[in-house]
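Student: Next up is a structure, given as structure tokens.
The values are calculated or read from the model by the stated rules, or taken from the named source; none is laboratory data. What you see is a predicted model; the values in this text were computed from it and never measured. Using ideal geometry, Cβ is built from the backbone for each residue, glycine included, and neighbour counts are taken over all protein chains shown. All accessible areas refer to the heavy atoms of the entire protein, side chains included, with ligands and DNA or RNA removed. Shrake-Rupley method; radii C 1.70, N 1.55, O 1.52, S 1.80 Å.
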Amino acid sequence: MPDTIRGRAFSAIAATVLVGIALFTSACFERAPTQDQREPLAEPSDPVVPVFDQPFDHTWLDMRSPIRLASAPGGKLLVSDSRWHVVLRVDEESRTADQAFLVDGKPLAVGMRGDQIFVGNATTNTVDVFGASGGFSYSFGDGAAPYPTDLAIDDALGLVFVVAGGTRDVKVFSLSGELQGTITGSGGARLQSPTGIAVDEGRREVLVSDYGAVGGHASVKIFDYDGSLVGEITGGTDCGVTGCSGGFSRPQGLAVDGTGLIYLADALLGQVLVLDRASGEAVAMLGAHASDGGDLRLPMDVVLGGRGEPYVASNGTASVEVVR
Amino acid sequence: MSGGYGRMLLVRLLVAGALTLGSPAASYIGVSAGSALAQRQHDTCDYCHNLHGAGYEQLVDFARAEDLCMSCHQDGAPLTYNGETIPKGVAVHAGTKHVSPDTTSCRDCHDHEGEVGNNLSLIPLSMDNRYTGGARSIVFEDTTDFADGDATYDGVCEVCHTGTSYHRQDGGMPAHNPQRDCVTCHGHDTGFAAAGGSCTDCHNGTQGSRRAVVAEFDRASHHAASPADSADCTVCHDQSQHQAGSVRLWDVDDPGNTAASIVLSGDPNTSATEAALLARFCLSCHDSDGAAGDTSPFSDAVTVPAVDSAAWTAASHNRSDLGSEVSCYGDGTFGCHISGHGSEKLNMLAPDTVAATAPANAEQEEGFCLNCHDSDGPSSVDLNTAFSQAINWVQTATGLNSNPNLNDRHDIQYAAQQQSGAKIECTDCHDPHTATSDLPFVLDPDTADAHVPGTDWYYYAATSDTLSEFCLDCHDGSFPTGVLDHTSPQIVNIQSTWAADGMGARTGSSVDLRAGNGWAIGDVIPCQACHTTHMELDDDIGGAPGTPSLFRVVDTVRNKAGDAFLFFKDRKASDPEIYAYGITNNLDKSDVTSGGYWCNTCHVRLSMTGKENCYGCHRHGDGGRF
């Protein structure tokens with residue numbers, strides 16, 4: 001049974017879940033992780049601060065098209081830049097890039113676990129794994145996760161959740177790249193145009209942002225690790241090419257904290273919405289669009305830094321901003 | 001954006017706006033009322049339009065309008081929407097073209113006026129030209145309509161362009177790739193600067209002042225296999241400032257570091273100063289670790305020939321005394337290798353065209369080495385004058401050595417090679433990157449045999465000497481790759497006859513050595529005691545000064561110590577330069593100072609006086625009679 005989700009879409013979603021629970025179990029997560037696979041892995045070794053020692057063009061440090069963010073130890077952020085085809089290391093304090101490494105293709109998703117950096121490569125349709133030095137290690141998911149727009153990692157279980165834009169679903173991989181299952185949603189909760197993803201390790205939930213379909217609604221869909229829909233926060237409705245009516249309409253990257261708050265970047269609004277997981281309500285709106293005197297244009301992702309502050313990949317301004 | 005979506009847009013704006021006005025803000029589920037009201041409604045006119053602007057242009061909030069486009073067309077946005085794939089990578093309207101204040105918005109070419117008519121991608125039916133004023137009609141019903149090259153100038157590119165090199169709206173400049181999909185090369189993500197296509201797509205023809213280069217990779221020697229793809233090009237070329245007026249080349253050991261790039265602002269094919277900049281670039285790859293560790297950086301997987309940079313620093317060809325006038329790169333006078341793309345000569349030597357009289361690669365000497373090693377330099381070693389002497393085919397000899405295909409010189413010249421069938425090049429003996437006056441030769445031309453010359457080229461002794469070992473590397477009947485055999489094995493395969501014919505090691509008493517020169521019965525005579533390697537004008541054996549001699553025989557034979565020349569004082573004038581001996585025709589005593597025999601420099605055999613041809617009976621490889 002879903003957690004308490006308020007909203008216009010609740011009834012429909014709940015009904016769908018109730019009626020189709022068996023379908024969710026078998027179809028949404030086509031190959032659920034086994035119990036063994038869910039056993040917590042050993043904690044990653046001491047946090048490794050990424051220090052790239054790969055040759056790079058210093059021009060790249062002037063980022064051109066930041067897409068996704070990931071938190072890294074040592075007060076650092078990782079930023080994928082789809083224009084330069086690099087992953088940048090950005091200092092939280094200065095919000096400037098000081099190192100970079102090249103990806104053989106267009107990087108979108110980025111995440112870090114221990115001393116490994118995972119990058120969704122939209123050219124090769126793979127997840128490329130690099131060491132903390134930026135040296136290439138291995139790839140996985142060849143073709144299984146086309147157009148990997150975002151990823152999230154459950155550190156403890158060693159699961160990598162990848163948004164596959166090409167198949168409009170979420171692929172779940174082990175750290176070594178074995179496909180564990182697929183989250184699709186179904187019925188009215190079928191993922192339509194998924195973009196961003198986050199995992200709530202405490203709740204063992206997967207949160208996926210979705211532009212929705214023409215005439216549908218934008219949303220953040222919440223699944224458990226079995227792939228069953230457990231909640232949905234609905235944004236704007238009657239969506240089309242110009243956006244949606246009311247609410248958020250271009251939900252991109254998102255982050256969750258330990259207190260039940262969800263941070264969601266709305267690319268069109270130019271702000272970060274802070275949503276309460278329990279109620280679905282927006283409790284705060286952070287930052288402002290450049291046209292309104294703010295620093296954000298086309299925010300593509302949000303990540304919580306080492307001190308819990310939300311950092312935003314502001315694509316239109318080619319910068320990383322902190323919003324309060 | 002699909003045409004279908006485009007045509008829906010205006011209707012949606014109106015309908016959705018109306019719906020929104022009639023809908024409660026609470027339709028945004030879970031958002032508190034205050035927060036919801038704080039949001040601008042995306043689907044209302046005032047999202048993109050400032051309601052109180054003065055005119056139509058001023059009505060548009062460009063940032064908002066662009067964000068609307070990019071929220072779907074940026075990387076990271078959904079790949080598909082309602083089953084249709086959304087084009088990506090239209091991320092940046094910035095670059096060398098279409099920059100502020102010209103434009104900063106998608107709306108310059110796309111807006112919802114394009115929903116009317118048959119134009120694709122929200123391209124409107126007409127557009128105001130901001131430079132000339134007035135509206136121009138646009139037809140954009142196919143991707144061939146960007147600039148189709150006809151006289152109507154109604155392509156979406158043509159209606160505005162007034163200062164471009166091609167496709168101006170008044171037809172004042174020529175067409176360029178008409179009816180092509182312009183954004184293949186002039187992409188949105190580069191502000192429409194030409195960067196979107198592959199390198200070879202564009203540079204297979206002239207591009208402004210840049211020559212066509214793709215075909216150069218088809219030449220006999222080249223970098224990368226033909227056709228080279230863009231990845232091959234960017235091994236060398238730093239594209240960070242493409243079309244900014246310079247050619248930038250990576251330090252390939254530090255790829256990506258634009259600060260270390262070599263920047264050319266002129267043509268290194270014609271400018272010695274520009275060419276001199278390239279030595280560092282060349283050597284960054286032509287070393288033991290290739291391009292940052294990759295010794296075969298191109299797609300053809302050819303291993304980079306390594307140059308010992310330390311040896312090159314000390315090499316005679318590294319004319320640092322001439323400053324910037326000498327480089328790896330150049331036109332053949334101030335540098336050796338022309339065009340990093342390809343040459344019809346070996347090793348991309350300059351000039352890159354084939355000399356008129358020879359097939360590809362055959363004229364290394366005539367077309368290259370002798371260009372500098374001539375009478376007017378820059379080398380002080382003039383070989384061209386001597387090698388320009390008529391080739392003296394050995395037709396006067398008799399017996400076994402009357403082979404008319406036997407040349408009087410190493411067969412480095414095309415004509416000599418054609419005559420004899422043999423072939424050897426300067427670089428078979430000399431490494432231009434390492435050669436010095438102390439170490440003029442390659443260390444071991446034929447590593448497959450037992451001859452290892454060593455490095456002390458001026459040493460020779462009775463039991464062995466460096467240069468003889470070097471000569472025998474070829475003259476043992478086996479050859480390094482590229483050196484071709486001669487039709488006269490008696491000459492070529494000296495090694496096999498060395499023991500049999502004695503070569504000075506004969507123990508019989510009939511050799512009648514003349515006293516005073518140091519040579520004794522049983523000695524092995526070094527090659528250089530009797531022969532030189534190059535054509536030299538003072539090799540006047542058998543004729544007047546400047547006449548080539550047989551097999552590079554020296555004027556005066558070295559003594560055993562190797563530090564002096566021997567003169568048969570009873571039979572020569574005081575000047576050895578005109579001391580003309582004969583070998584093949586000792587009856588030729590036209591020179592008043594002649595009358596002795598070259599062989600008699602060492603051998604006392606007055607009985608030979610009057611014999612017209614020592615060589616008719618005595619030679620290498622003739623049953624021990626030499």
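Student: Within the bounds of segment B:194-207, is there any residue that is farther than 25 Å from B:A291 by Cα, small (G, A, S) and in contact with a strand residue (DSSP E or B) (Cβ under 7 Å, 6 or more places away or on another chain)?
Tutor: yes
Student: Does segment A:136-147 hold any residues that are of a type in the set (G, A, S) and open to solvent by less than 20 Å² (accessible area, probe 1.4 Å), and which are they?
Tutor: Looking only at segment A:136-147, we keep the residues that are of a type in the set (G, A, S), and these are A:137, A:139, A:141, A:143-145.
Listed by number, the residues that qualify are A:G141, A:A145.
Student: Still on this structure, I have one more. Tell me which residues, restricted to segment A:285-305, are more than 8 Å from every other protein chain (Cβ to nearest Cβ) and open to solvent by 40 Å² or more (accessible area, probe 1.4 Å).
Tutor: Residues satisfying the conditions are A:D292, A:G293, A:D295.
Student: Continuing with this model, one more query. State the number of residues belonging to segment A:294-312 that are more than 18 Å from A:D257 (Cβ to Cβ) and of a type in the set (G, A, S).
Tutor: Total satisfying the criteria: 1.
Student: So which residues in segment A:144-164 are in a loop (DSSP other than H, G, I, E, B) and more than 14 Å from chain B (Cβ to nearest Cβ)? Full working, then the answer.
Tutor: Keep residues of segment A:144-164 that are in a loop (DSSP other than H, G, I, E, B), which gives A:144-147, A:155-158.
The answer is A:A144, A:D155, A:A156, A:L157, A:G158.
Student: Where in segment B:413-497 are there helices (runs of 4 or more DSSP H), lying wholly inside it, with at least 2 residues that are at pLDDT below 80? First the steps, then the outcome.
Tutor: Working: elements: B:414-420, B:426-429, B:466-472, B:489-492.
Correct list: B:414-420, B:466-472, B:489-492.
Student: A further question on this structure: Cβ-Cβ under 7 Å, sequence separation 6+ or interchain: first residue in segment B:287-314 and assigned to a strand (DSSP E or B), partner open to solvent by less than 40 Å² (accessible area, probe 1.4 Å). Which pairs?
Tutor: As it stands, the answer is B:A291/B:V235; B:A291/B:V252; B:A291/B:C285; B:A291/B:P297, since those pairs meet every condition given.
Student: Among the residues of segment A:273-324, count how many are outside any loop (DSSP other than H, G, I, E, B) and closer than 18 Å to A:L78 by Cα.
Tutor: Final tally of qualifying residues: 15.
Student: Go through B:E274, B:E216 for me and flag whichever is in a helix (DSSP H, G or I), free of Cβ contacts under 8 Å to residues at least 12 places away in the same chain and either in contact with a His (Cβ under 7 Å, 6 or more places away or on another chain) or among the charged types (D, E, K, R) (or both).
Tutor: B:E274
Student: Let me ask another. Could you check segment B:241-275 and list, in sequence order, the residues that are crowded, with 16+ Cβ neighbours inside 10 Å, within 14 Å of another protein chain (Cβ to nearest Cβ) and of a type in the set (S, T, N, Q)?
Tutor: Scanning segment B:241-275 gives B:N257, B:T258, B:S261.
Student: Same structure, new question: Do we have any residue at all in segment A:54-67 that's surrounded by 15 or more Cβ atoms within 10 Å (Cβ to Cβ), within 13 Å of another protein chain (Cβ to nearest Cβ), modelled with pLDDT of 95 or more and farther than 30 Å from B:V252 by Cβ?
Tutor: Looking through segment A:54-67, none of the residues is surrounded by 15 or more Cβ atoms within 10 Å (Cβ to Cβ), within 13 Å of another protein chain (Cβ to nearest Cβ), modelled with pLDDT of 95 or more and farther than 30 Å from B:V252 by Cβ.
Student: So, of the residues in segment A:306-318 that are in contact with a Ser or Thr (Cβ under 9 Å, 6 or more places away or on another chain) and surrounded by fewer than 21 Cβ atoms within 10 Å (Cβ to Cβ), which turns out to be nearest to the other protein chains (Cβ to nearest Cβ)?
Tutor: For segment A:306-318, the residue satisfying everything is A:A318.
Student: I'm trying to understand the selection: among the residues of segment B:224-234, which are at pLDDT 80 or above, more than 16 Å from B:R210 (Cα to Cα) and open to solvent by less than 30 Å² (accessible area, probe 1.4 Å)?
Tutor: Listed by number, the residues that qualify are B:A224, B:D232.
Student: Look at segment A:84-121 and say how many of its residues are away from chain B (no Cβ under 12 Å), assigned to a loop (DSSP other than H, G, I, E, B) and out of contact with any His (no Cβ under 9 Å at 6 or more places or on another chain).
Tutor: 7
Student: OK, next. Identify, please: which residue in segment A:122-135 is open to solvent by 10 Å² or more (accessible area, probe 1.4 Å) and within 14 Å of another protein chain (Cβ to nearest Cβ) and is, among those, farthest from A:Q99 (Cα to Cα)?
Tutor: It comes out as A:N125.
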